[in-house]
Amino acid sequence: MSLRFHNTLSRGLEEFVPLEPGHARMYTCGPTVYNVAHIGNCRAYVFEDLLRRWLQFKGYRVTQVMNLTDVDDKTIRDSRAAGMSLLDFTAQFKQAFFDDIRALNIEAAEYYPAATDHIPEMIELIKVLEEKGVAYRAADGSVYFSIAKWPEYGKLARLNREGMRPGARVAADEYEKENVADFALWKAWDEQDGDVAWDSPWGRGRPGWHIECSAMSMKYLGPSFDIHTGGVDNIFPHHEDEIAQSEAATGQPFATYWLHCAHLMVDGQKMAKSRGNFFTLRDILERGYTGREVRYELLATHYRSALNFTFSSLDAARAALRRVDEFTERLAGAAGDAAAGVLPAWAGEAAAAFEAGMDDDLNISAALAALFDCIREGNAALDGGQLTAEEAAAVRDLFARWDAALGVLTKPAEEVPAEVNALLERRQAARAAKDWAQSDALRDEIAALGWMVKDTAKGPVVTRA
Ligand code: AMP
Ligand code: ZN
């Protein structure tokens, strides 16, 4: 079976056929850097990472662009409240975002464009829309997109054109479906913007949020590309407006497949900054959970199903990973060097079921069920002494391939504390001086800290005792 995704545009499953054979190009709406991300945002990033990794598993080269929204209504509002320049204010949250994605073992995208580095591209795009007559200048110097001039407006969010009020305008970046109206492409400077403004053919001002993603996606991926993603809250108005601006400007289809993840919920409500019902990744790491456990929790539910966040589900993630680790440690102990062995039948079946599940719109539940079936069968075979060293090596390879897609099966090596490294260096010096008594004493000191030294041909190696 071929790879299929649920496309929000058609509301149905569609086979994935990229525009360029062998190359998947995707744009993922990134963080608005006015705050530390909450784990609802992390759910979107983990889903996008799973998508990226699965495309690679299927043999595609992936070009992924994830933008950083570092100028919009919220970043301006909060930087002014903090009494900081927009650039200094957003820099701290850009850093926090990169720290978070590292902790979640999210692979780096090829491009992370920041909106403030692409103002000329946005101005160019708005100029084209104005020349084509789909954008107009308002009295205050702002520029609006005229939805009446774009008959396809509403095709993603399935808006009812009858209810649209031609000529009504909305200046805010975020608005509800009830307020469908001409939206701002360029916002003329006003007092609330402080010193945030750029020169443009329409006077000083700044871009609207939606035009940012149109300009940055098309700069790096071209006018037409394969996949555009975000959380379901992005469908309207953000993605609807992106489609309108991009397709009206280029006359070409924008993205082919639109994939949206459902929200991470808390007590039945969307986790959101504005509701105050959120946890950051830091909050959770401080409670003793690992980035790996959070990643597992976020990816183990199908991306289109709502996921209710609880600490007991994090405990379940921990238990599931412990089961994985126990099995992979047993396998490592039993595996031969050569990976020439063939997979036992049960592992071959699991491999096929895993792939069929993931090909079906990233059906992670089917994939994880196959993985845990494999663990159950594998443990039984190991208990019965029925797994040859070659077979164990082949199953180990299978787990490594699965982990390239999931990014959660390999236990990260524990970082050696600086204190232990310092003792290790002193021990090396003692050995170089042939002071064996001192070397042994330092080994004991290291052991007292819970670490074990093994001397190998390549030098000493420390592991957890
Ligand atoms: P923002 O920083 O608000 O622009 O959001 C960054 C990404 O997180 C977007 O793709 C949003 O759709 C997504 N997002 C926001 N809240 C949630 C949530 N509670 N669950 C899942 N995704 C979310
Ligand atoms: Zn966006």
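If we scan region 23-39, do we find a residue that is more than 12 Å from ligand 1 (Cβ to nearest atom), among the polar types (S, T, N, Q), under 20 Å from the mean Cα position of the chain (by Cα) and closer than 19 Å to Asp233 by Cα? I'd like the intermediate steps shown before the answer.
Initially, region 23-39 is screened for residues more than 12 Å from ligand 1 (Cβ to nearest atom), giving 23-26.
Now restrict to residues that are among the polar types (S, T, N, Q): none.
No, region 23-39 contains no residue that is more than 12 Å from ligand 1 (Cβ to nearest atom), among the polar types (S, T, N, Q), under 20 Å from the mean Cα position of the chain (by Cα) and closer than 19 Å to Asp233 by Cα.
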For the condition touching a Gly at 6+ places or on another chain (Cβ under 9 Å) and not β-branched (Val, Ile, Thr), what is the one hit in Ala356, Ala367, Ala380, Ala352? Ala367
Could you tell me whether region 126-143 includes any residue that is closer than 20 Å to Trp189 by Cα and of a type in the set (Ser, Thr, Tyr)? yes
Which count do you get for residues in region 217-240 that are acidic (Asp, Glu) and away from ligand 1 (no atom under 14 Å from the Cβ)? 1
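Among the residues of region 179-193 satisfying the criterion of being of a type outside the set (Val, Ile, Thr) and part of a loop (DSSP other than H, G, I, E, B), which is farthest from Ile119 (Cα to Cα)?
Applying the first criterion (of a type outside the set (Val, Ile, Thr)) to region 179-193 yields 179, 181-193.
Cutting the leftovers down to part of a loop (DSSP other than H, G, I, E, B) gives us 181, 189-190.
Details: Ala181: 24, Trp189: 15, Asp190: 18 Å.
Taking the candidates together, the pick is Ala181.
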Within region 15-50, which residues are in a strand (DSSP E or B) and more than 16 Å from ligand 2 (Cβ to nearest atom)? Glu15, Glu20, His23, Ala24, His38
Quickly run through region 215-256 and pick out the residues that are crowded, with 24+ Cβ neighbours inside 10 Å, away from ligand 2 (no atom under 13 Å from the Cβ) and under 19 Å from Val17 (Cβ atoms). Phe225, Ile227
Which one is nearest to Ile39 (Cα to Cα) among residues in region 307-333 that are hydrophobic (A, V, I, L, M, F, W, C) and exposed (fewer than 14 other Cβ atoms within 10 Å of the Cβ)? Phe311
Return a yes/no flag: does region 194-204 have any residue that is part of a strand (DSSP E or B), surrounded by fewer than 21 Cβ atoms within 10 Å (Cβ to Cβ) and modelled with pLDDT under 95. no
The one condition in (1) in a loop (DSSP other than H, G, I, E, B); (2) in contact with a Cys (Cβ under 7 Å, 6 or more places away or on another chain); (3) not polar (S, T, N, Q) that Cys213 fails to fulfil: (1)
Scan region 80-111 for residues that are more than 22 Å from Glu297 (Cβ to Cβ), touching a residue at least 60 places away in the same chain (Cβ under 8 Å) and either crowded, with 19+ Cβ neighbours inside 10 Å or in contact with a His (Cβ under 6 Å, 6 or more places away or on another chain) (or both) and jot them down. Leu86, Phe93, Ala109
Candidates Ala317, Ala249 - the one that is assigned by TED's automatic domain parsing to the domain that holds Val128, over 18 Å from the mean Cα position of the chain (by Cα) and in contact (Cβ under 8 Å) with a residue 12 or more places away in the chain: Ala249
So which residues in region 268-278 are more than 10 Å from ligand 1 (Cβ to nearest atom) and either touching a His at 6+ places or on another chain (Cβ under 6 Å) or without any contact (Cβ under 8 Å) to a residue 12 or more places away in the chain (or both), if there are any at all? Gly276
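The values are calculated or read from the model by the stated rules, or taken from the named source; none is laboratory data. None of the values given here were measured: they were computed from a predicted structure. Quick reminder, even Gly has a Cβ in these numbers, built from the backbone with ideal geometry, and neighbours come from all protein chains shown.
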